[in-house]
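A.B. asks: Attaching a single structure in structure tokens format; questions to follow.
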Amino acid sequence: MSKKEIDNRFSKFGTISFTATTRINDFIDHLEKGKVMGTRCKKCGHRYFPPRADCFNDLTSDMEWFEVNDAGKLLTFSTLKFAPAGFDKEIPYTIAVLDFGDYKVFGRVDNAIAEDKLSVGMPMKITVNKLPNEHINYLFTTA
Amino acid sequence: MSRVAVIGVGQTKFVRSYPGSIREMVFEAFKEAMGDAQMTVKDIDATIVCSAPEYDKQRSPSGVLAEYLGLNPQPTFYAESLCSSSTTGLRLAYSLVKAGLHETVMIIGFQKMSEISAAESQERMGRGTDIQWEAPFGTMMPAYYAMFARGHMTKYGTTADDLAQVRIKSSTYGVFNDKAMLRKQLSADIFKDPASPMSGILASPLRVGDCCANADGASCIIVAGEKKAKASAKKPVWILGLGSATASVNMAGRELFYSLPAATEAANQAYKMAGVSPKDIDVAEVHDCFTIAEVLAYESLGFAKPGEGPALIRSKETYKEGRIPVNVDGGLLAKGHPVGATGGSQIRTVVLQLRGEAGDMQVKDPALGLVHNVGGVGLYANVSILGRQ
Ligand SMILES: [Zn+2]
């Protein structure tokens, strides 16, 4: 091995990723296996989403993965009719926040769901979504 | 302990596209503030330069500005908290004066946003949020505030027409402000006429008319310790209370989508430090980057109870003749929002009001004024209370 390989798996996250290297790069492997995962601190048990490599409560990096697989509750959403540079081909699309009790998740709503079918408080689940060029993210769909 | 006062204020006109360089644009605000304080460059002991990064090419702008404004060899520092940068500058300037390191400190705020396209500026604003976990979904400021508008509408029954009332008030005062970019009175049915460019949805439920416009502009504020302030040309306006707070950058870290907790926290700090309560405030400038943001500000600042912001604008109590006049210079919605310059412009308005120099926008005999300046989606918040005494 001549050159050390850079673990840049996170550059696949979303339409445009602004991050390449992160210590929670396994998140991408889990996504590719169809799982959306957060991290839980092994010391204090706090659950983090988005996942973190570190817990500030205990100053520890001893974390384990947990799967986001229950139904969440739609807290709020907005449908964009104008997009930032690089996302214009995707409009209209809806961003939203789901509440899972211990943690919340920010993401996009499945475009198959019409905006007028969405209402705050409705249950939704999270699903992995493959994008062009081997990119990957997750979407919210009806539970 | 020596008190600290604002002794000079200035700003450029806020315009769509400034026909000159950043240093030339800043010079205009600087010249006005120096004239206002009747000072020369030798009187300025230090400068804090405030802007949000990446809207222009110049790295480390404070050095360039210190040279152009003739402020060498005095020190200059750069401060940034997105849209609240120049009130962060005010807090830092206050600390420098209080600490006795410098007697007179200048706060320069600027932004020249016309060098990039609207989509590029939305992309940069999107990157002022969580770039690892949110920006890859295609985020922009209007959509974030729209999620709070949706939250407020769901929780309290707030309507698009309530939000339109905020925009109509801003336009009413934009007409009188010769520094404002948009100086046209808007009618009550801006959102009802589908042909109106204001009525189109930008990020639901927010419409184009709910959003402020990017602008080019600069502001300049001069503060000084008590001895120098008492000898200053204009009546000093004292800094009585300062509050500053933060909240989670990722929306997944927020508890509620109908209030901005950092603004509430900053307000509580400022009221406590000044020893006053919301009902004591005679005139306020709030960060109305979006109509919903002004409604949220009423509630954070205690001008209205939670959920009663829409009733406050509907009762016209935030008009010039009302119980608590808010943004009677047109606010960001009419003035335009040159990110780093905005906080300084808000301070300038309140200082002119407290001196009785606000012309057609003058509120009757105010003694206490408040500035609410927010960076990001309530990521950073600064609340400053200023007074004649
Ligand atoms: Zn922990």
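Here, each number is a calculation from the coordinates, and none is a lab measurement. Model, not experiment: these values are computed from the prediction. Using ideal geometry, Cβ is built from the backbone for each residue, glycine included, and neighbour counts are taken over all protein chains shown.
A.B. asks: Which residue, B:S232, B:F290, B:A29, has the largest displacement toward the positive end of the dipole of chain B when charges sit on each Cβ (Lys, Arg +1; Asp, Glu -1)?
C.D. replies: Farthest along the dipole direction, towards plus: B:S232.
A.B. asks: Sticking with this structure for a sec: Shielding by partners for B:147-159, please: the mean number of other protein chain Cβ atoms within 10 Å of each residue's Cβ. Don't skip to the end; give the middle numbers.
C.D. replies: Values: counts 8, 2, 2, 9, 5, 1, 2, 5, 2, 0, 0, 0, 0.
For peptide B:147-159, the averaged partner shielding equals 3.
A.B. asks: Fewest to most neighbouring Cβ within 10 Å: what's the order for A:V97, B:V339, B:V276, B:V97? Walk me through the numbers before you get to the answer.
C.D. replies: On the way: A:V97 22, B:V339 31, B:V276 17, B:V97 26.
Final ranking by Cβ density, sparse to dense: B:V276, A:V97, B:V97, B:V339.
A.B. asks: Starting from the Cα of B:E357, step 7 Å along the direction of its Cβ; do the same at A:A114; then give the gap between the two resulting points in nm.
C.D. replies: Between B:E357 and A:A114, the simple spin-label model gives 5.9 nm.
A.B. asks: Next question, about the same structure. What list do you get for A:C41, B:C212, B:C220, B:C83 if you sort them by fewest beta carbons within 10 Å?
C.D. replies: On the way: A:C41 20, B:C212 26, B:C220 32, B:C83 29.
Listed from fewest to most nearby Cβ atoms, that is A:C41, B:C212, B:C83, B:C220.
A.B. asks: Please work out the FRET efficiency for the pair B:L256 and A:L59, using the Cβ-Cβ distance as r and a Förster radius of 35 Å; give the result to the nearest 0.05. Working shown, then result.
C.D. replies: Working: r = 29 Å, r/R0 = 0.82.
Here the calculated transfer efficiency is 0.75.
A.B. asks: Read phi for every residue in the range A:98-104 and hand back ³J(HN,Hα) as whole Hz from Karplus 6.51 cos²θ - 1.76 cosθ + 1.60, θ = phi - 60°, with x for Gly and Pro.
C.D. replies: 10, 9, 10, x, 6, 7, 10
A.B. asks: Please compute the average number of Cβ atoms from other chains found within 10 Å of each residue's Cβ in peptide A:13-19.
C.D. replies: Details: counts 4, 7, 4, 7, 4, 9, 6.
Per residue, the average neighbour count from other chains is 6.
A.B. asks: For A:D99, B:D210, what ranking results if the residue with the fewest other Cβ atoms within 10 Å of its Cβ goes first?
C.D. replies: A:D99, B:D210
A.B. asks: Between A:K125 and A:D70, what length in nm is gained on full extension when 0.36 nm per residue of separation is reduced by their alpha carbon distance? Each step should come with its number before you reach the end.
C.D. replies: Values: separation 55, 0.36 × 55 = 19.80 nm, distance 0.68 nm.
So the extension gain works out to 19.1 nm.
A.B. asks: Provide a whole-number value for the mean count of partner chain Cβ atoms within 10 Å of the Cβ atoms in peptide A:132-139.
C.D. replies: On the way: counts 0, 0, 0, 1, 0, 2, 1, 1.
The mean count of partner-chain Cβ atoms within 10 Å per residue comes to 1.
A.B. asks: Then there is this: Once both axes come from the Cα atoms, what is the angle between helix B:160-174 and the longest principal axis of chain B, in degrees from 0 to 90, rounded to 10?
C.D. replies: 30
A.B. asks: Specify whether the C-alpha gyration tensor of the range A:9-142 places it in the rounded, prolate or oblate class, a ≥ b ≥ c being the square roots of the eigenvalues: rounded for a/c under 1.5, otherwise prolate if a/b is larger than b/c and oblate if not.
C.D. replies: Working: a/c = 2.11, a/b = 1.37, b/c = 1.54.
The shape class here is oblate.
A.B. asks: Output wanted: per-residue J couplings in Hz (rounded whole) for the range B:258-266, from phi through Karplus 6.51 cos²θ - 1.76 cosθ + 1.60, θ = phi - 60°, x for Gly and Pro.
C.D. replies: In residue order, the calculated couplings are 10, 7, 10, x, 5, 5, 5, 5, 4 Hz.
A.B. asks: For the range B:53-105, state which trypsin sites (Lys or Arg not before Pro) are in a DSSP loop and have at most 12 other beta carbons lying within 10 Å of their beta carbon.
C.D. replies: On the way: sites: B:K57, B:R59, B:R91, B:K98; in loops: B:K57, B:R59.
Loop-located and lightly packed - B:K57, B:R59.
A.B. asks: Expressed as an acute angle from 0 to 90° and rounded to the nearest 10, what is the orientation of the C-alpha long axis of helix B:22-37 relative to the principal long axis of chain B?
C.D. replies: The angle comes out at about 70 degrees.
A.B. asks: Rounded, prolate or oblate: which one fits the protein assembly as shown, using the alpha carbon gyration tensor with axes a ≥ b ≥ c (rounded when a/c is under 1.5, else prolate when a/b beats b/c, else oblate)? Walk me through the numbers on the way to the answer.
C.D. replies: Values: a/c = 1.84, a/b = 1.48, b/c = 1.24.
Prolate is the answer for the protein assembly as shown, as a/c is 1.5 or above and a/b outweighs b/c.
A.B. asks: Where a ≥ b ≥ c are the square roots of the eigenvalues of the C-alpha gyration tensor, would you call the range B:1-158 rounded, which needs a/c under 1.5, or, failing that, prolate if a/b is larger than b/c, or oblate?
C.D. replies: Cα axes put the range B:1-158 in the prolate bin.
A.B. asks: Here is a further query. Got a sec? Charge dipole of the range B:84-195, +1 on Cβ for Lys and Arg, -1 for Asp and Glu; which of B:W133, B:L182, B:A143 is way out at the positive end?
C.D. replies: Of B:W133, B:L182, B:A143, it is B:L182.
A.B. asks: For a quick check: with amide H placed at 1.01 Å from N, whose amide H comes under 5 Å from B:I48's, ignoring anything fewer than 5 positions away on the same chain?
C.D. replies: B:F77, B:M106, B:I107, B:I108
A.B. asks: What's the longest piece of chain B with no exposed GluC sites (Glu not before Pro), counting a site as exposed if DSSP puts it in a loop and it has at most 11 other beta carbons within 10 Å?
C.D. replies: On the way: sites that count: B:E255, B:E321.
Here the longest segment lacking exposed loop sites spans B:1-254.
A.B. asks: While we're here: Just tell me which lysines come within less than 21 Å, Cα to Cα, of B:K320; anything on the same chain fewer than 8 places away is out.
C.D. replies: B:K169, B:K179, B:K184, B:K279, B:K305, B:K335, B:K364
A.B. asks: Further, regarding this structure: If you build a Gaussian network model of chain B, linking Cα atoms that sit under 10 Å apart, which residue out of B:G225, B:G378, B:G275 swings the most?
C.D. replies: Largest GNM mean-square fluctuation: B:G275.
A.B. asks: Which pairs, out of A:K89/B:K112; A:K35/A:K89; B:K230/B:K272; A:K43/B:K272; A:K104/B:K57, put more than 32 Å between their alpha-carbon atoms? Each step should come with its number before you reach the end.
C.D. replies: On the way: A:K89/B:K112 28 Å; A:K35/A:K89 27 Å; B:K230/B:K272 25 Å; A:K43/B:K272 38 Å; A:K104/B:K57 37 Å.
In this structure, A:K43/B:K272; A:K104/B:K57 exceed 32 Å between Cα atoms.
A.B. asks: Now for a different question. Could you work out how far helix B:85-98 tilts from the main Cα principal axis of chain B, as a 0 to 90 degree angle to the nearest 10?
C.D. replies: With rounding to tens, the tilt is 30 degrees.
A.B. asks: Please report, in debye to the nearest 20, how large the charge dipole of the protein assembly as shown is about its Cα centre when each Lys and Arg carries +1 at its beta carbon and each Asp and Glu carries -1 there. Don't jump to the answer; show the numbers that get you there.
C.D. replies: Details: 60 positive and 58 negative charges, 120 e Å.
Using only the charged Cβ atoms, the result is roughly 580 debye.
A.B. asks: What FRET efficiency would be calculated for the residue pair A:D29, B:Q185, taking the C-beta separation as r and a Förster radius of 56 Å, to the nearest 0.05?
C.D. replies: On the way: r = 58 Å, r/R0 = 1.04.
Step by step, r from the Cβ atoms, then E = 0.45.
A.B. asks: How many nm separate the modelled label positions at B:K42 and A:T21, each set 7 Å beyond the Cα in the direction of the Cβ?
C.D. replies: Modelled inter-label distance: 5.4 nm.
A.B. asks: Counting other C-beta atoms within 10 Å, and keeping those with at most 13, which DSSP coil trypsin sites (Lys or Arg not before Pro) do you find in the range B:10-41?
C.D. replies: Working: sites: B:K13, B:R16, B:R23, B:K31; in loops: B:K13, B:R16.
Here the trypsin sites (Lys or Arg not before Pro) that fit, given the DSSP loop and packing criteria, are B:R16.
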